[in-house]
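The numbers here are math on the coordinates, done by the rules we state, and not lab data. The structure displayed is predicted, hence computed values, not measured ones. FYI the Cβ positions are ideal-geometry reconstructions off the backbone, even for glycines, and counts take in every protein chain you see.
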Amino acid sequence: DTEVTQTPKHLVMGMTNKKSLKCEQHMGHRAMYWYKQKAKKPPELMFVYSYEKLSINESVPSRFSPECPNSSLLNLHLHALQPEDSALYLCASSQGTDRDRAPLHFGNGTRLTVT
Amino acid sequence: DAKTTQPNSMESNEEEPVHLPCNHSTISGTDYIHWYRQLPSQGPEYVIHGLTSNVNNRMASLAIAEDRKSSTLILHRATLRDAAVYYCILRDTGTASKLTFGTGTRLQVTL
């Protein structure tokens, strides 16, 4: 079992739908991350939040909108997605973005299918 | 960003040691060497990290070459549960939050 919880585990959505992915951790971590992973490829960084502020956006299209309501929660709002956005979306957290190169703790992801 | 090179795949027999190599010839003095692994249908899992000295933990050992241009992750006794993709990643002091995954090595463990 992982200490980073992602919901839902699976999501199917149409291109006109609006949906949200949720990530939660209770380890007191102050940095949270979103990664995208296509089949048989490595994870790709999308966003980094540090102390609830967006610190890195890897030029992600605006149809993906992250939100960090508090230090334990991270959301990814999805709107007007394309079929090529189908992927595994991984959330991670760490103690901080630069303290002792703190390891990232990953959830098991949300598998998203866009139809 | 400094890059890493790993073999695409490796095989091992169960209960034998496994040495997973990683080349990082352009590593800078402030880059830490991190290893993560990803088991099937799971998110990546931290394994170990180091800067200059060899490191041991309950999961594995990390051997770092004296010139730091290469490193080796050592699993002392592979089990079927160690079958995964292993990623060697350089994490810079300045951009420590940008954990960038390479293509990794897919390890198969057989009986």
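Exposure proxy shown here: for B:Ser28, B:Ser41, the number of other Cβ atoms within 10 Å sets the order, fewest to most, as B:Ser41, B:Ser28. Remark: the protein assembly as shown carries a charge dipole of roughly 520 debye about the Cα centre, counting +1 on each Lys and Arg Cβ and -1 on each Asp and Glu Cβ.
Taking a straight line from the alpha carbon of A:Lys38, these lysines sit under 26 Å away, with near neighbours fewer than eight places off in the same chain left out: A:Lys9, A:Lys18, A:Lys19, A:Lys22, B:Lys3, B:Lys98. The percentage of C-alpha pairs in the stretch A:53-98 whose separation is greater than 18 Å is 34%.
Largest GNM mean-square fluctuation across A:Leu90, A:Leu21, A:Leu104, computed for chain A with C-alpha springs under 10 Å, falls on A:Leu104. The base-10 log of I(q)/I(0) for chain B, evaluated at q = 0.10, 0.15 Å⁻¹, reads -0.26, -0.58 [Debye formula, identical scatterers on Cα atoms, solvent excluded]. Mean per-residue shielding of peptide B:43-54 is 4, counting Cβ atoms of other chains within 10 Å of each Cβ.
Given R0 = 45 Å, the distance between the Cβ atoms of B:Asp67 and A:His26 translates into a calculated FRET efficiency of 0.60. Per residue of peptide A:25-32, the mean number of Cβ atoms on other chains within 10 Å of the residue Cβ is 0.
Using Cβ point charges alone (K and R +1, D and E -1), the dipole size of the stretch A:32-115 about the Cα centre works out to roughly 240 debye. Legend: mean number of C-beta atoms from other chains within 10 angstrom of residue C-beta atoms, peptide B:29-37, equals 1. Computed as a quarter of the hull surface, the mean projected area of the alpha carbon convex hull for the stretch A:15-115 stands at 6.2 nm².
What longest range of chain B stays clear of loop-exposed GluC sites (Glu not before Pro) (DSSP non-H/G/I/E/B, at most 12 other C-beta within 10 angstrom)? The longest uninterrupted stretch comes out as B:16-65. The value obtained for the protein assembly as shown, namely the Cα convex hull volume divided by the number of residues, is 120 Å³ per residue. Between B:Asn57, B:Asn13, B:Asn23, the residue with the greatest mean-square fluctuation in the GNM of chain B (Cα pairs under 10 Å linked by springs) is B:Asn57. Which Cα, out of A:Asn108, A:Gln82, A:Cys68, lies furthest along the positive dipole direction of chain A (beta carbon charges, K/R +1, D/E -1)? Sorting the options by dipole projection puts first A:Gln82. Once the mean of 1/r is taken over each pair of separate Cα atoms and inverted, the stretch A:4-50 shows a Kirkwood hydrodynamic radius of 12.8 Å. Karplus-derived 3J(HN,Hα) values for the stretch A:50-57, using 6.51 cos²θ - 1.76 cosθ + 1.60 with θ = phi - 60°, are 10, 6, 6, 10, 5, 10, 9, 10 Hz; glycine and proline are entered as x. Suppose each label sits 7 Å from its Cα in the direction of the beta carbon; what would the B:Ser25-A:Thr113 distance come out to in nanometres? About 4.5 nm separates the two model spin labels. Sparsely packed loop sites in the stretch B:6-71 (the trypsin sites (Lys or Arg not before Pro) outside DSSP H, G, I, E and B with at most 14 other Cβ atoms within 10 Å) comprise B:Arg58, B:Lys69. Its Cα centre serving as origin, chain B has a Cβ charge dipole (Lys and Arg +1, Asp and Glu -1) of approximately 220 debye.
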